[in-house]
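Note sheet for the following structure.
Throughout, read-outs are computed from the coordinates displayed, never taken from laboratory work. Given the structure is predicted, the values throughout are model-derived calculations rather than measurements. Don't worry about glycine lacking a Cβ; one is built from the backbone with ideal geometry, like all the others, and counts go over all protein chains shown.
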Amino acid sequence: MLAFSAVKEVESLLKQGFSQREIASIAEVSRGSVGRIAKNLKTCNFKNGKVVSLPIKCPTCRCLVYPPCIACHTRKYIANKRKIEENGSS
Ligand SMILES: [Zn+2]
């Protein structure tokens, strides 16, 4: 687990346009970690020292949701439950 300060440093270096390999040596973190942070930078945000997901457009219901989409998850869960019940009664 990376320290929050290290994550912040990697983030700012990414924003300055350094390559992931350069950042790994500057911030002394693994290239895998830099890659992960770079990926998170596109979808996540930091708030009060915590990683907060940004709302995304759900590919299924096309609503702006915080991943994972609870509405779709619930719908799937109900559909599955119904299927199981139908199978059980027949
Ligand atoms: Zn959805």
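Miscellaneous remarks
- Ranking of Glu9, Glu22 by count of other Cβ atoms within 10 Å, fewest first: Glu22, Glu9
- Cut-off under 5 Å, modelled amide H: who pairs with Ile56 long-range: Val65, Tyr66
- 3J(HN,Hα) couplings calculated from phi for the range 59-68 with the Karplus curve 6.51 cos²θ - 1.76 cosθ + 1.60 (θ = phi - 60°) are, in sequence order, x, 8, 9, 6, 9, 7, 9, 8, x, x Hz; Gly and Pro show x.
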